[in-house]
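The structure appears below as structure tokens.
Nothing in this text is a laboratory measurement; each read-out follows from the coordinates by a stated rule. For clarity, every value in this text was computed on a predicted model and none was experimentally measured. Note that each Cβ is placed from the backbone with ideal geometry, even for glycine, and that neighbours are counted across all protein chains shown.
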Amino acid sequence: MTKPPEKLVDELVPIFFMGKKYEVPASLTIQKALEYAGYQHIRGCGCRGGVCGACGTVYRTPDSYKLQVGLACQTVVQPGMQLVIMHYYPGHRSIFDIDQMSGTGGELAALYPEIFKCIGCNSCSQGCPMDIDVMHYMAQAIRGDLAGVAETSFDCIMCGLCASRCPAEEVQFNVAILARRLNARYGKPRAKHLEDRVKEIENGKFEEPLRDLMSKSIDELKELYKSREGEPQFAEEDWTPQDTRYV
Amino acid sequence: MSYPESLKKLIEKVESTRAARVERKRKDIEFPALKLEEREPILKNFHPDFIENTRRKIKVGPSKGYAISNEMVDLLEARSRVNPDLVNLTEPDYETDVLVIGAGGAGTAAAILAAENGAKVLIATKLRHGDANTMMAEGGIQAADKVGKDSPYYHYLDVLGGGHFLNDPELVYTMVQNAPDALRWLEGLGTSFSKFEDGKMKTMHGGGTCRKRMHYAADITGAEIMKTIRDETRNHLDMITVIEFCPAVELALDSEGRCAGAVLYNLETAEYHFVKAKAVIIATGGSGRLHIQKFMTTNHYGATADGIVMAYRTGVPISFLHTVQYHPTGVVFPEQAEGILITEKFRGAGANVLNIHGEQFVYEREPRDVEAACIIRECSPEGRGNGVPTPTGKYGVWLDSPMIDLLRGEGTVRKEFPGKHILFRRFGIDISTEPMLIHPTLHYQNGGLDINSKCETIVPGLYAAGEVSGGVHGENRLMGNSLLDVIVFGRIAGIHAAEYVRNHGEIGEPNLDHVRRYNEEVEAAGIKVERIAPMLLPDYSNPEVREKQLTKDYFGTLS
């Protein structure tokens, strides 16, 4: 077997974290670069994998006046960058009872009437580290297109960077999750098979077969396990097993 | 940035075998799965659980003599962070009916159900609400709800087969029987599950399932569930209070041995607070950040086993911690994404696992422990030595994601796996046309605190739910059963804790005597270390910087 190549040693580049200069390896993410510099993160660090929204970061590089955004755990350092991690951004949130709603755009607008103040400047989209077209879903929200908002905003990690950039003081991420929840609850019918199965379980349909399994020896269980009938990988939704005693 | 030339050359080998592999997949001709009796020797020889000298017996506490990983024993054979004599328990900083420790999936579900059942709830959490492994779970959530083709009976068998038939039967029964109702609850709260137009849930296979019962929300199922239930707690501000950046460091008991609250540590002001509570639910999750055997991990930054340490000191035994789950497919290159989980759903959707020659060496839907052991065997010089060397000095194997677009239509990868597609795109890699380099990564704490099917521990008033507990998954958890575990048992813990509060009324004077006793036991066992636990957060700071951190005495909170 071939020996893997030696790990390359990185060159060091300067970054300015909240104005203070550190020399860090050029290939590291901002998160790891700060650890290299000696930080043990408390705020501004969560999943370390780009899904939790703890480490939204705002930065500028020397070659441009433009404000840029990224996640500290996903963005590789650039020489001379100035940055700050936005641990938290205040956000207004309306209270609702999802059981008492019906999933209309009007309900969304009633809870967040400020959506109509959106001026369409697109700062929110430019400020989204997940590349979500935030302005587009705000327009969808204004039109009452909850399914549209749900689809456009699906990857939202609720980091708050959109709200931090908004001249109309919107809290886009809370508008988005309300739309997603309403759309999921009311946009499509409830799953009937779920309801039916819950009733079957409440009526004790599987009580006896399960209690029987629970009393079996490991060897007996192994035999049953081995003889399970497998649903084929590419079986259609209406596939049914030959043995229907326990389904 | 993209794959370097050395890897691009090797990818050509993957491409050269791809068409034939896709053709076989279409015809349902799979690489042969291992027989039950073939699994054992591979696990014994290549699974990290079986490597000698990586475990030792615990010298103290209720499970004294039980051999588990050195890293976990280190935490159990350690002192409290606080001197019990200095903590003022007579004037609580907070009082509540139910204290929930940890704000991931289990803690949040518990809080909602406890509040619905009339209890005032306080959630104390180390980082932010929702900073948890639940947020990072990708593939799906199991429930046997397809009437006519699946049932809790088969779900039960699958869970046991995955767990080596050693699981706690009552806990498995409880999980599989409550699974459909848990899904219905999430659906009612407005969780965006992938559905057909008629409302039927889309489901697929996971490793070790005999029926397609994995429900999902694209490839960010856990995040979708976590965001939804977190949002729901925010509709109940009158009943649920959340305190962030305040991990619990010790539990308190009353004179009759009932749980009476917990001591919190404010990470920012360095204060210790006391919360007096009539019942406590531990939902602190797992322990990937212990980096057992130096493995990289998929886990959240805060996964440091705090709840195990605290509850163990009160006398709660632990089980199934002798096994650790290594997820077969974590990113091994590029380095920036190292350790990040690549959901099993890729394999469920048809992607093969391949060695340096572009050849299959394992069926891609073995249970996780078996799949991981086979990949380690393929990479290891003591095994087959067919690993792909990375520019960062490691080995991995290919996960051939482009097959999915060929099997299910162009654009499927982008649509069904948006999270991973974006992640790799940041590094100049398009996973709908290029495979991923993966290696097993520390993923899940199979065992934990002993509970019964009401989530009760042996300490009255102390409950546990989710990854911190042990028994339901036996020695190895199947995909899609952790999200299910946190929702089912989180809800149960909330209901029963609220009921306990109604039935038991006032608690007695809280004390930390058990902490004093535990410190004495550690000393009597001849353990001469300065370690303190819980560890709260891993320290990845530069060792060269740490050498210059010379403060020994404190002025204010400056350290």
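One decimal place: the segment residue B:27-residue B:170 gains 47.5 nm when fully extended, by the rule 0.36 nm per residue minus the C-alpha distance. Full extension of the chain between residue A:214 and residue A:23 gives 62.7 nm of extra length, using 0.36 nm per residue less the Cα-Cα distance.
Each peptide in B:239-249, A:119-129 gets a packing score, the mean of other Cβ atoms within 10 Å over its residues, and the list from highest to lowest is B:239-249, A:119-129. In this structure the amide hydrogen of residue B:100, modeled in the peptide plane, comes within under 5 Å of the amide hydrogens of B:122, B:123, B:124, B:281, none closer than 5 places in sequence on its chain.
Taking Cβ separations below 4.7 Å as the criterion for a possible disulfide partner, the isolated cysteines in chain A are A:45, A:55, A:73, A:118, A:121, A:128, A:156, A:159, A:166. For chain B, DSSP calls about 60 percent of its internal beta bridges antiparallel. Across A:153, A:227, A:64, mean-square fluctuation computed from a Gaussian network of chain A (C-alpha pairs under 10 Å connected) peaks at A:227.
Going by a ≥ b ≥ c, the root eigenvalues of the Cα gyration tensor, does the stretch B:458-528 fall in the rounded group (a/c under 1.5), the prolate group (a/b larger than b/c) or the oblate group? Because a/c hits 1.5 or more and a/b fails to exceed b/c, the stretch B:458-528 counts as oblate. Label separation (residue B:196 vs residue B:529): 5.5 nm, computed from points 7 Å beyond Cα along the C-beta direction. For the residues A:114, A:202, A:223, a GNM of chain A with alpha-carbon springs under 10 Å puts the largest fluctuation on A:223. Considering only beta bridges that DSSP places wholly inside the protein assembly as shown, some 70 percent are antiparallel. Are any of the pairs B:13/B:294; B:59/B:278; B:126/B:276 more than 20 Å apart by Cα-Cα distance, and if so, which? Those over the limit are B:13/B:294; B:59/B:278. Computed from the C-beta positions of residue A:169 and residue A:224, the FRET efficiency with R₀ = 45 Å rounds to 0.15.
Label separation (residue A:121 vs residue B:255): 6.4 nm, computed from points 7 Å beyond Cα along the C-beta direction.
Peptides A:216-222, B:288-294 ordered by packing proxy, namely the average of other Cβ atoms within 10 Å per residue, highest first: B:288-294, A:216-222. Between residue A:114 and residue B:452, the distance separating the two model label sites (each 7 Å from Cα on the Cα→Cβ line) works out to 5.1 nm. Take each residue of peptide B:333-342, count the partner chain Cβ atoms within 10 Å of its Cβ, and average: the result is 4. Taking chain B as the reference, fit the longest principal axis to its C-alpha atoms, fit the long axis of helix B:481-504 to the helix C-alpha atoms, and give the angle between the two in degrees, 0 to 90, nearest 10. Between the helix axis and the principal axis of chain B, the angle is about 20 degrees.
Compared with the dominant principal axis of the Cα atoms in chain B, helix B:5-26 is inclined by about 80°.
Computed from Cα positions, the angle between helix B:221-233 and the longest principal axis of chain B comes to roughly 30 degrees. With a Förster radius of 51 Å applied to the beta-carbon distance between residue A:147 and residue B:6, the computed FRET efficiency rounds to 0.65. Each residue of the stretch B:439-452 is assigned a 3J(HN,Hα), and the resulting list reads 8, x, 9, 4, 10, 8, 8, 4, x, x, 5, 6, 9, 9 Hz, derived from the Karplus form 6.51 cos²θ - 1.76 cosθ + 1.60 (θ = phi - 60°), x at Gly and Pro.
Packing, taken as the mean count of other beta carbons within 10 Å per residue, orders the peptides B:297-308, B:462-473 from highest to lowest as B:462-473, B:297-308.
Sparse packing (at most 12 other Cβ atoms within 10 Å of the Cβ) combined with a DSSP loop state is found for the following trypsin sites (Lys or Arg not before Pro) in the stretch A:17-91: A:66. By the gyration tensor of its Cα atoms, with a ≥ b ≥ c the square roots of the eigenvalues, what is the shape of the protein assembly as shown: rounded for a/c under 1.5, prolate for a/b over b/c, or oblate? Rounded, because the longest to shortest axis ratio a/c is under 1.5.
On the beta carbon distance between residue B:430 and residue B:268, with R0 = 45 Å, the FRET formula returns roughly 0.60. Within chain A, how many Lys pairs sit with Cα atoms under 28 Å apart, leaving out pairs fewer than 8 places apart on the same chain? The number of close lysine pairs in chain A is 16. Applying 0.36 nm per residue to the separation of residue A:42 and residue A:64 and subtracting their alpha-carbon distance, the gain on full extension is 4.9 nm. Per-residue Karplus couplings for the stretch B:331-342, computed as 6.51 cos²θ - 1.76 cosθ + 1.60 with θ equal to phi - 60°, are listed in order as 5, 10, 7, x, 4, 4, 9, 3, x, 5, 5, 10 Hz, Gly and Pro entered as x. Pull out a ≥ b ≥ c, the square roots of the eigenvalues of the alpha-carbon gyration tensor of chain A, then state rounded if a/c is under 1.5, prolate if not and a/b is larger than b/c, and oblate in the remaining case. Here chain A falls in the oblate category.
Averaged over peptide B:470-478, the number of partner chain Cβ atoms lying within 10 Å of each residue's Cβ comes to 0. Taking only alpha carbon atoms, the stretch A:26-71 gives an Rg to Rh ratio of 0.99, where Rh is the Kirkwood radius.
Across peptide B:417-428, the average count of Cβ atoms from other chains found within 10 Å of a residue's Cβ is 3.
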